[in-house]
């Protein structure tokens, strides 16, 4: 039986290697209900769920807070005073498009908490969008869209490139279409319809584009206008110009740095939830951040202009507030949004002037107002962070519970233990241990099946 045993022993490395390869593939699906989303401070000065929203179970219903003025303008500050509320399709006067994909699996969910709305997202290329459930028209030749969003969150971007970003988009289509003209961005998912929008990147730069409703002749992504197949009319950025007037678009290309804030690592979103205002006209575009002019490209040539039927108000458009990402990892990402508005008016019917987010206070640290100067927390809000979902796993060997058992401390301790499973090294080592144990058990069983224990064989000889 010795040759058989040698064969069985020789199979052991193969078993271990195969199990290790399977374990190494695990991180892509490794997030759990103990994962704290990137973009969520932990512990948080606000009462926020410190786990993916889809782990929260039943959520509250939110009241409708949007206001529509008699001139067709839309404003919504989401001051619901209801914690942990769902924001599903049809809720609060919005159409919600979750889990939009560019060919891979992506999971998203909208919700409302602490008087602002959020989106959790993981993983693969794709995103989500929310849209007021009414159409809008260019007013006096101009469409104005405003949104408060934390765009510059550490973890959303790096010097090597952006992983994900918010987008503000308009289109002649009431929904994203089945055909993606430019699949890497939300504004490219309205193929066969006119669409335009801006990506708000964490490095304080915006990139905007106009997509036609059909394939058009292009110049191969070159100046002027940087058109590209199949339907991109133009792309605008700090170094991409289409009109006769061009300025800004990026903090390192002359745009005012103080206007667009950046959050620090593990800092609450109020430190970078800025107000972005986009103004579109037939032959130009202007953007403001916190009421300060940040970008302009105007004086477009005739072939690069928005169709007159749209710019005159004859043809309606729909507005989308969305998120998109070009990534694949084991993380959950959280976007924080606040007030949104489309063609807002004052009490007399005049268009509202550009304004700043309520948390923006120039002269204060990070240009952010102290918490006591901002809107109060919702009535009845609990005074401590929400706990993670129950989990039966025990701490790692040698781990000790901190002496100070405050709610935030205990949560941080539990989260650190649960999030150990997010690290690839953890899974590789666990795979090796499990494979080794399985291999020993298998060889022991096969040894006995091949002729019993080693002492019995020797005695028999």
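Filtering segment 306-337 to residues that are surrounded by fewer than 19 Cβ atoms within 10 Å (Cβ to Cβ) and farther than 30 Å from residue 266 by Cβ leaves 307, 308, 309, 312, 313, 314, 315, 316. Of the strands (runs of 3 or more DSSP E) that lie entirely inside segment 107-167, not one contains 2 or more residues that are modelled with pLDDT under 95 and over 11 Å from the mean Cα position of the chain (by Cα). Summed over segment 251-291, residues that are surrounded by fewer than 22 Cβ atoms within 10 Å (Cβ to Cβ), over 17 Å from residue 197 (Cβ atoms) and free of Cβ contacts under 8 Å to residues at least 60 places away in the same chain total 7.
Conditions (1) assigned by TED's automatic domain parsing to the domain that holds residue 345; (2) at pLDDT 95 or above, marked per residue:
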residue	(1), (2)
21	no, no
56	yes, no
68	yes, yes
74	yes, yes
78	yes, yes
93	yes, yes
96	yes, yes
100	yes, no
105	yes, no
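The values are calculated or read from the model by the stated rules, or taken from the named source; none is laboratory data. Note that the coordinates shown come from a computational prediction; the quantities given were computed from them, not determined experimentally. Positions of Cβ are generated from backbone atoms using ideal geometry, with glycine treated the same way; all protein chains shown enter the neighbour counts.
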